[in-house]
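Student: Take this structure first; my questions come after.
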Amino acid sequence: MKVIFMGTPDFSVGTLEALIEAGHEIVLAVTQPDKPRGRGKEMQYSPVKEAALAHDIPVYQPQRIRDAECVEELKKYPADVMVVIAFGQILPKEILDMTKYGCINVHASLLPDYRGAAPIQWAVINGEPVSGVTTMQMDEGLDTGDMIMKTEIVLDEKETGGSLHDKLAEAGAKLCVETLKAVEDGTAVRTKQGETGTDYAKQLNKKMGDIDWTKPAVEIERLIRGLNPWPSAYTSWSDKTMKIWEAEVLDKESGQAPGTVAEVDKKTFAVQTGKGMLKILSLQLPGKKRMDTDAFLRGNQIKIGETL
């Protein structure tokens, strides 16, 4: 089929590559405008733009996809279907209905659970045993369209936001190819979502990573994994921001107040939480690389009774 592909981050690239490999013709890649990044604030392409240019695919980068001129621009590229995956803008009905097969979305959750911007990370933070990918026929709502296909991924006990991202990106690419085949040959079955009691997967921000030590150790450990690699979980130690990359739950109490360093040995230290203790296995200080806690303790002294 002729496809207009809409996507922006790394998560979208695998699906773009899979569609090309499956023999679909990508007539246009639509992605977010270039943004300044890094200390030098140099303008950088989105991952989808880089991938599209590598395949000589035309790229369109609208500031606001709902504007009339954007709709007219898309009409210049006749296509059978639009594939949308982590594009980053809400599509108007005129675009949703523009092609023969409409817009097919690849969403990184088992809908209707975890509609919204950050389903991958919230699945880890909330301790879900299983996540997955859903393809759906897009409508004007936010992740509310009819479901077409699903695939499930069982989360590892040490799953991070980053590791689940990679697993779901790969699964989503395969599922999208299967979905387009079913759509084209008329065998696709569309199922209405219904409602769910699961929280909306709201956008992540850096403030979310500020560890509240009054929470149970189990919840804090999941937060650490869910926000790895971005925006990361952190605390304050000796007037410095300490990022926590890996931790282990200890099912015991020290009698200390939450946030107090309760145990220290040569390789690690443990912090009292609202319920249980958290052994810190990997961390990072400003201007330093991520390190195992034993490496940190060889160059820094942390004492029992200190408060994070």
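Readers should treat all values here as calculations from the given coordinates under stated rules, not as data from a laboratory. The structure presented is a predicted model; accordingly, all values stated were derived computationally and were not measured. A quick note on method: Cβ atoms are made from the backbone with ideal geometry, for glycine too, and the neighbour counts reach across all protein chains shown.
Student: May I ask you to sort 70, 176 by Cβ crowding, counting other Cβ atoms within 10 Å and putting the fewest first? Could you put the intermediate results ahead of the total?
Tutor: Working: 70 19, 176 27.
Lowest count first: 70, 176.
Student: Any idea what log10 I(q)/I(0) is at q = 0.11, 0.12, 0.15 Å⁻¹ for the range 206-299, Debye with uniform C-alpha scatterers and no solvent?
Tutor: -0.26, -0.32, -0.51
Student: With axes computed from alpha carbons, what is the tilt in degrees of helix 10-21 against the longest principal axis of the chain, rounded to the nearest 10 within 0 to 90?
Tutor: 40 degrees
Student: Could you check the spin-label model distance between residue 42 and residue 158? Points 7 Å from the Cα along Cα→Cβ, value in nm.
Tutor: Distance between label points: 3.5 nm.
Student: Quick one: 3J(HN,Hα) in Hz for the range 277-285, Karplus 6.51/-1.76/1.60 with θ = phi - 60°, rounded, Gly and Pro as x.
Tutor: 10, 10, 7, 8, 9, 8, 8, 7, 9
Student: Are there any trypsin sites (Lys or Arg not before Pro) in the range 74-107 that are in a DSSP loop and have at most 13 other Cβ atoms within 10 Å? List them by number.
Tutor: Those that pass, being in a loop and sparsely packed, are 75, 76, 100.
Student: Here is a further query. Count of lysine pairs in the range 29-77 with Cα atoms under 24 Å apart, counting only pairs 8 or more residues apart in sequence or on different chains?
Tutor: 4
Student: Tell me the relative contact order for the range 170-258 as a rounded percent, counting alpha carbon contacts under 8 Å between residues six or more apart. It would help to have the intermediate numbers written out before the result.
Tutor: Details: 58 pairs, mean separation 18.2, N = 89.
Relative CO of the range 170-258 lands at 20 percent.
Student: What is the magnitude of the charge dipole of the range 206-299 about its Cα centre, with +1 placed on the Cβ of each Lys and Arg, -1 on the Cβ of each Asp and Glu, and no other charges, expressed in debye to the nearest 20?
Tutor: I would put it at about 380 debye.
Student: Percent relative contact order of the range 206-299, based on C-alpha pairs within less than 8 angstrom and at least six residues apart?
Tutor: For the range 206-299, the relative contact order is 27 percent.
Student: So which of 93/206; 174/207; 158/240; 93/202; 202/279 end up more than 31 Å apart by C-alpha?
Tutor: The answer is 93/206; 174/207.
Student: Take 39, 64 and order them by how many other Cβ atoms sit within 10 Å, fewest up front.
Tutor: Listing 39, 64 from fewest to most nearby Cβ atoms yields 39, 64.
Student: Using only the C-alpha atoms of the chain, find the volume of their convex hull and express it per residue in Å³.
Tutor: Taking only Cα atoms, the chain has a hull volume of 143 Å³ per residue.
Student: If you don't mind, there's one more thing I want to ask. Suppose we look only past 13 Å in the calculated P(r) of the range 184-257. What percent of the Cα-Cα pairs does that tail hold?
Tutor: Here the long-distance tail beyond 13 Å is 75 percent of all Cα pairs in the range 184-257.
Student: The range 2-185: percent of C-alpha pairs farther apart than 23 Å?
Tutor: That fraction is 40 percent.
Student: Among DSSP bridges having both ends in the chain, what percentage is antiparallel? Round to the nearest 5.
Tutor: 70 percent
Student: While we're on this one: Which value, in debye to the nearest 20, describes the size of the charge dipole of the range 29-89 about its Cα centre when Lys and Arg Cβ atoms bear +1, Asp and Glu Cβ atoms bear -1, and nothing else is charged?
Tutor: 340 debye
Student: In sequence order, what are the phi-derived ³J(HN,Hα) couplings for the range 49-66 according to the Karplus relation 6.51 cos²θ - 1.76 cosθ + 1.60 with θ = phi - 60°, rounded to whole Hz, with x for glycine and proline?
Tutor: 4, 4, 5, 5, 5, 5, 9, 6, 9, x, 10, 10, 10, x, 5, 9, 4, 7
Student: Against the longest principal axis of the chain, how steep is helix 161-185, in degrees 0 to 90 to the nearest 10, with axes from Cα atoms?
Tutor: Long axis of 161-185 versus the principal axis of the chain: about 20 degrees.
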